[in-house]
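S.K.: The structure's right below; bear with me while I get my questions together.
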Amino acid sequence: MGDQAHHHEESFVSKYVFSQDHKMISKQFLVTAIVMGVVAVMLSVFFRLQLGWPGESFAILETFLGKWAPDGVLDRNAYLALVTIHGTIMVFFVLTGGLSGTFSNLLIPLQIGARDMASGFLNMLSYWFFLFSSVIMIFSLFVEGGAASGGWTVYPPLSALPQAMPGSGMGMTLWLISMVLFVVSSLLGGLNYVVTIINLRTKGMSMTRLPLTIWAFMVTAILGVLSFPVLVSAVVLLLMDRTMGTAFYLSDIFIGGEALDVTGGSPILYQHLFWFLGHPEVYIVLLPALGISSEVIATNARKPIFGYKAMVGSLLGIGFLSFIVWGHHMFVTGMNPFIGSVFVFTTLLIAIPSAVKAFNYITTLWKGNIRFSPAMLFSIGLVSTFVTGGLTGIILADSALDVNVHDTYFVVAHFHIVMGMSAIFGMLAGVYHWFPKMFGRMMNNKLGFVHFWITIVAGYGVFFPMHFVGIAGAPRRYYEYSNFEFLNGVQDLQPIISTFAIVGAIGQLFFLFNFFYSIRYGQKAVQNPWKSNTLEWTTPVKHLHGNWDGPLPIVHRWAYDYSNPVHEEDFVLQTTPPLDGEVMH
Amino acid sequence: MKLLILLVVVLGLVAAVQLSKIYQLSISLRGKREEEISEADNRMNGGLWLVFMVLFYASFIVLLIRYGDYLPPSASVHGLAVDQLMNFNMAIIFAVFFLVNTLLFWFSAKYYYRADRKATFYSHDNKLELIWTVIPSIVLAVIIAFGLRTWNEMTGEAADDAIRVEMYSKQFDWTARYPGNDGEFGLANYNLITPLNALGIVTEEGVESALEEIEVKIAKLEDEIAYEKGHLLDEREELMERLHEDDHGHGHAHTEHEHSEDDNHSDHSDHADHADHGDASHNGLKALLESRISEIDHMLESDKVIILTEAAYEAKEDKLYRLKRHRTRIMEIGEFNFDGELSAWDAGRDDRIVKGEFHLPIGREVEFVFRSRDVIHSAYMPHFRTQMNSVPGVPTRFKMTPIISTDSMRMILDDPDFDYVLLCNKVCGAAHFNMQMKIVIESQEAYDAWLNEQDPFLVKEGEEESETEKVTAEVASENITASL
């Protein structure tokens, strides 16, 4: 493969459908994730209607859910199914597939100076497995007994026994199949990302000159490759318990009028296996968002990201530590308390690199010259929500405190603020920032401003009150709360939360309209609209298979020479050779 | 109506597209580019950060005032330490929250873009990094130390004189079991669960009645399988064929042998012997066949005949197999002995099984043991800062000492109807949101009196069936029927 770009005939199918070009694949991931996201948001609006106004009839529920909402009131099994699928879609399909899948694919070859990923073919397969997995997950909503309903964590025995709830029948089987396909997609992608970053960097692009996005994507991919297979093992054992009479997770169960003849298994085994993935998974969700924000904040503050080495170090620290904290999801399972202590220690440790990152972001803003593109607004929002959500993690990490808030709305508030706000903001920042690179057009800024301010207000409006509902003792995954006198006082928060949720959902219409409209009619972009230093902005606006027309760029400096006093312009492309006598960073 | 809504949405979209196109046109005519964000826009957004900050903090403070102290003071000993730890952590978290968010919003507002200035090139500062690594580390170390100390106290061994109570969870209720006057819990085995023995307590009577019940079920199922019309008719047809075959069979058999003789080089004399024996056993076989056929005819006329699809028939065969296996398990429950005089057969007889509400004496440590029948549930008692999963197959435990009686708490809250409650806190199915049990904390005397009122699990022969048993049977059979 020479230095020249490939010029070969592409049919509609090979260009848009079965593409092996990383830029097209990234767009496929993005659009699929957006569709899945719309579905998941709708599901959440449906169950928030029930939670905000319990037992009231809503015609829209019957329209969309048919027999799952007889007379417009959500059925209690359907409620759990909606909650389960909402969580599953958001964590895996939107925030993993949609975040890593889109931006790792788009940016890795472009920012390291490569023609494409190491294997275009595996990359293409990774998208098609993702699509196939998505279709099956959506399809599971329509089966007779309903979709999987044990929460996105689907703990056995509830998820292992069809007799335990209707969603544990065919719906659960489809969920498991979908997840295996999803993991295949992730692994194919992740391996590609790591191999590409290590092997295909262009001349001069040493590891210490990599933009922080690439560092983040690399650590994320390594996390995925090491932890997703454990989820597969959890899933396979569950499939076996469901269909082959094994007893990995089952023991001493009497259900449906029968004593099941399986003994010796432990449901806690599943939790260990699940959370061994589950915890790194939330960092797989978060790290790309952090990486994207580093880029967006530096570019739009016209300042180098503060403490590049510390940022890299904290990415590595978070990545490593994320493997040894999973037990904090299991403090109240009856696990040996000593093990609980170990997990308290490691979990609180992870707060340190996280804090370093937050402080570095803020110092980057100090004495910057901040351009508030919608991407920048979302990135600043990310820092706020990362801090807010991360701080409540300290309560949850403390096992003695977790005893009182585990599985309450306090936890729901925590993970939604870090994932449902922070990580999503990173994804949206990425979309707004790299839209010109993806589609050769600009999105509309005014709509972007409106979208941002509605979203951050609605987001905090939904999730901040949940802290109080949770500390008051309200469990999560409850269909309604009217059976508990002691919770009556916090119930007036529920309709407020639901109202913000509906407003937030409607607010996303500004984004959806802007996104799809601009793909077709947006103002045509120039090559480097944000005046950014990184390599992706040195490629032509119209996509070229092989990215650069001519030889690959040669890199002479790090990615963050913004407002460098030695240079006249407030940005310096990475390909700019050193000036005479310039001391390089 | 829906059509109208659809129409409005479509028209709205079209309008939005047209408006956007007009907007695009206007900005391109003015030579503006989307990436050139005006200073006015930058200043506006900077200002909005400050507005946002004020609104955000204000609503936080309002929420804190209205809901900050929502739960009443802890009703358990360890809960006091937990609340202290919580307040300590919250103080730190609030301080960091306000400090860091304020810096973020303030810098955003202050440093909005101005074309005539350049940002300050400040790429790193190792001393600063060190400071804000070391300080959080120290703070976290303190949090860890304090937290683990509280945790160790909470999870340590229970006192020797702690009351032990078993909380048994199933879809969708809780049952409490107290050891009887012997101070020992009876063993439990899920194979012995019947409507009268909802917890599967091991006693001689328990094993007997479980066996009885399952024999009845097995007999019933065997009958159903035996009397399935389709299979009976098939069997009858097959038997009739064999019968007719054998009638002509003698002659045919010889002919067949002759044909095969050439091929097989078989001994002719053997066949002659066989033919003789054949006659005798043939008559016996015929009689057998005929008697079974007449039995089938008789069965077909009885009113026990049922018709099943093939799938249903196989399901019943599977079920029979499972029931037989279950019966084996019941029979395997042999006799165990505790060290001491009590035998396993006896320890459970005087256990107290309680539904709906359970009582505890104030000021005494209680060690809960948790068991589950079907899926993972969780016993959450927020007033006592207590929570522990109940996991099928894996007993768990949690100890606590209640320090505020129900009456006292009613006075504190000025709510004469207040009651402590135990809620399920691990999703367990459709009625997860209503799986609760009332908790009553009272004086030792009142508790003793209450406990005495609870009937022992098994009354002696000759005594009347206890209320508890009646209730247990009613409720248990309801639940089992419901789950079938």
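Read-outs throughout are calculated quantities, based only on the coordinates presented, and are distinct from any laboratory measurement. None of these values were measured; they are calculated from a predicted model. Positions of Cβ are generated from backbone atoms using ideal geometry, with glycine treated the same way; all protein chains shown enter the neighbour counts.
S.K.: With r defined as the distance between the Cβ atoms of B:Lys324 and B:His231 and R0 fixed at 25 Å, what FRET efficiency is calculated, to the nearest 0.05?
M.R.: Calculated transfer efficiency: 0.85.
S.K.: When you take every Cα atom in chain B, what is the radius of gyration, and what is Dmax, the widest Cα pair distance, in Å?
M.R.: Considering chain B through its Cα atoms, Rg and Dmax are 39.2, 123 Å.
S.K.: Quick check: the angle from helix A:170-199's long axis to the longest principal axis of chain A, C-alpha only, nearest 10 degrees?
M.R.: Approximately 20 degrees, to the nearest 10.
S.K.: Find how many whole Å separate the alpha carbon centroid of the range A:27-88 from the alpha carbon centroid of the range B:134-149.
M.R.: 42 Å
S.K.: Under a Cβ-only charge scheme (Lys and Arg +1, Asp and Glu -1), can you give me the dipole magnitude of the protein assembly as shown about the Cα centre, in debye to the nearest 20?
M.R.: 10180 debye
S.K.: Oh, and also: Based on Cβ point charges of +1 for Lys and Arg and -1 for Asp and Glu, what charge dipole magnitude is obtained for the range A:38-189 about its Cα centre, in debye rounded to the nearest 20?
M.R.: 280 debye
S.K.: Among B:Phe107, B:Leu288, B:Leu211, which residue has its Cα positioned farthest towards the positive end of the charge dipole of chain B, with +1 placed on the Cβ of Lys and Arg, -1 on the Cβ of Asp and Glu, and the dipole taken about the Cα centre?
M.R.: Checking the options against the dipole of chain B, the answer is B:Phe107.
S.K.: Moving on to the next point. Going highest first, how would you order B:124-131, A:149-156, A:225-232 by mean Cβ packing within 10 Å?
M.R.: Working: B:124-131: 13.4, A:149-156: 24.4, A:225-232: 18.8.
Packing order, densest peptide first, comes out as A:149-156, A:225-232, B:124-131.
S.K.: Between 0 and 90 degrees, rounded to the nearest ten: what's the tilt of helix B:77-110 against the longest Cα principal axis of chain B?
M.R.: Roughly 50 degrees between the two axes.
S.K.: Is there a simple number for the mean count of other chain Cβ atoms within 10 Å of the Cβ of residues in B:14-26, and what is it?
M.R.: 2
S.K.: Debye calculation, C-alpha points only, no solvent: report log10 I(q)/I(0) for the protein assembly as shown at q = 0.05 Å⁻¹, in the same order as the q values.
M.R.: Cα-only, vacuum Debye calculation for the protein assembly as shown: -0.40.
S.K.: Mean separation of Cα pairs under 8 Å and 6+ residues apart, divided by the residue count of chain B: what relative contact order is that in percent?
M.R.: Reported relative contact order: 21 percent.
S.K.: How big is the dipole moment of chain A about its Cα centre under a simple scheme where the beta carbon of each Lys and Arg is +1, that of each Asp and Glu is -1, and everything else is neutral? Debye, nearest 20, please. Mind showing how you got there, number by number?
M.R.: Numbers: 27 positive and 30 negative charges, 306 e Å.
Around 1480 debye, computed over chain A.
S.K.: Mind ordering A:129-137, A:356-364, B:159-167 by average Cβ neighbours within 10 Å, highest first?
M.R.: Highest to lowest by the protection proxy: A:356-364, A:129-137, B:159-167.
S.K.: Just grab the label-to-label distance for A:Leu512 and A:Leu122, each label 7 Å out from Cα along the Cβ direction, in nm (one decimal).
M.R.: For A:Leu512 paired with A:Leu122, the spin-label model returns 3.6 nm.
S.K.: Averaged over its residues, how many other protein chain Cβ atoms are within 10 Å of peptide B:81-88's Cβ atoms?
M.R.: 3
S.K.: Right, next: Report the antiparallel proportion of the DSSP beta bridges in the protein assembly as shown as a percent, rounded to a multiple of 5.
M.R.: Antiparallel: roughly 70 percent of the beta bridges in the protein assembly as shown.
S.K.: Show me the GluC sites (Glu not before Pro) within the range A:502-585 that DSSP assigns to loop and that have at most 14 other Cβ atoms within 10 Å of their Cβ. Mind showing how you got there, number by number?
M.R.: Working: sites: A:Glu536, A:Glu568, A:Glu569, A:Glu582; in loops: A:Glu568, A:Glu569, A:Glu582.
The qualifying sites are A:Glu568, A:Glu569.
S.K.: B:Lys438 to B:Glu208: FRET efficiency via 1/(1 + (r/R0)^6), r the Cβ-Cβ distance, R0 41 Å, to the nearest 0.05?
M.R.: Rounded to the nearest 0.05, the efficiency is 0.75.
S.K.: Under 13 Å from the Cβ of A:Trp366, count the other residues' Cβ atoms, weight Lys and Arg +1, Asp and Glu -1, and hand me the total.
M.R.: Combined, the nearby Lys, Arg, Asp and Glu give +3.
S.K.: Okay, moving on. Putting +1 on Lys and Arg Cβ atoms and -1 on Asp and Glu Cβ atoms, find which of A:Phe372, A:Val154, A:Ile506 reaches farthest to the positive end of the dipole of chain A.
M.R.: A:Phe372
S.K.: Modelling each spin label as a point 7 Å along the Cα-to-Cβ direction, I'd like the B:Tyr23/B:Ser137 distance in nm, to one decimal.
M.R.: Result: 5.0 nm between the two label points.
S.K.: Between the alpha-carbon centers of the range A:274-348 and the range B:45-77, tell me the distance in whole angstrom.
M.R.: 27 Å
S.K.: Would you calculate the separation in nanometres between label points at B:Ser408 and A:Glu568, each defined as 7 Å from the Cα along the Cα-to-beta-carbon direction?
M.R.: 8.1 nm
S.K.: Using a 10 Å cut-off around each Cβ of peptide A:448-456, what is the average number of partner chain Cβ atoms that fall inside?
M.R.: Mean partner shielding for this stretch: 2.
S.K.: Working from Cα positions, state the angle (0 to 90°, nearest 10) between the long axis of helix A:445-471 and the longest principal axis of chain A.
M.R.: Between the helix axis and the principal axis of chain A, the angle is about 40 degrees.
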